[in-house]
Amino acid sequence: MKITQLSVFVENAPGHILAPCRALADAGVNIRALSLADSQTFGILRLIVSDWRRAAKVLEDADFSVKATEVIAVEVPDHPGGLTEVLEALQNSSVNIEYMYAFPFGRGEKATLIIRFDKPDAAIATLQSRGIGLIRQNELERERE
């Protein structure tokens, strides 16, 4: 149930996220979701893509520093309080959320969050035991019709 996210390290300056995005576009890799976090001198561009292995190679060949990380795509009820339901499922566990961001992929009345947990296997078990849906890597890699 874990999916692979790529973290690309870029300079924190105007226009510096264009180059990795252009490299992926030229290689035919679709960006499904992204998050950009910054510090004073650099940024971390986190990406969920249609083909993470190919994307990592393309970015490394373009001289970017790339790290693959396991994250979990969690289905969230798409109504007020939906996120609260997911967070309450984790409340009494020893699992910590390191970061999360929204993802424009949903099924039915669900939205999706990408979440990085300190203990991903424990998070998966806890979420599944509470009936919370998870999205698999192959579902994210399929082209939308």
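Nothing in this text is a laboratory measurement; each read-out follows from the coordinates by a stated rule. Everything numeric in this text was worked out from a predicted model, so none of it was measured. A quick note on method: Cβ atoms are made from the backbone with ideal geometry, for glycine too, and the neighbour counts reach across all protein chains shown.
Things to note:
- Separation of the ARG53 and HIS16 label points, Cα + 7 Å toward Cβ, nm: 3.1
- Just so you know, the Rg over Rh for region 58-117 is 1.11, from Cα atoms, with Rh as the Kirkwood radius.
- Cα-centred dipole magnitude for the chain, charges only on beta-carbon of K, R (+1) and D, E (-1), debye, nearest 20: 200
- For region 97-136, applying the loop criterion from DSSP together with a ceiling of 16 other beta carbons within 10 Å to the trypsin sites (Lys or Arg not before Pro) yields ARG107, ARG130, ARG136.
- Charge-dipole axis of the chain as Lys and Arg at +1 and Asp and Glu at -1 on Cβ define it, positive-most pick from ALA122, ALA33, TYR101: ALA122
- Whole-angstrom gap from region 83-98 to region 23-43, using each part's C-alpha centre: 28
- Furthest towards positive pole of dipole, ILE3, ALA62, LEU18, structure part region 1-68, Cβ charges: ILE3
- Of LYS57/LYS110; LYS2/LYS67; LYS67/LYS119, those spanning more than 25 Å from alpha-carbon to alpha-carbon: LYS57/LYS110
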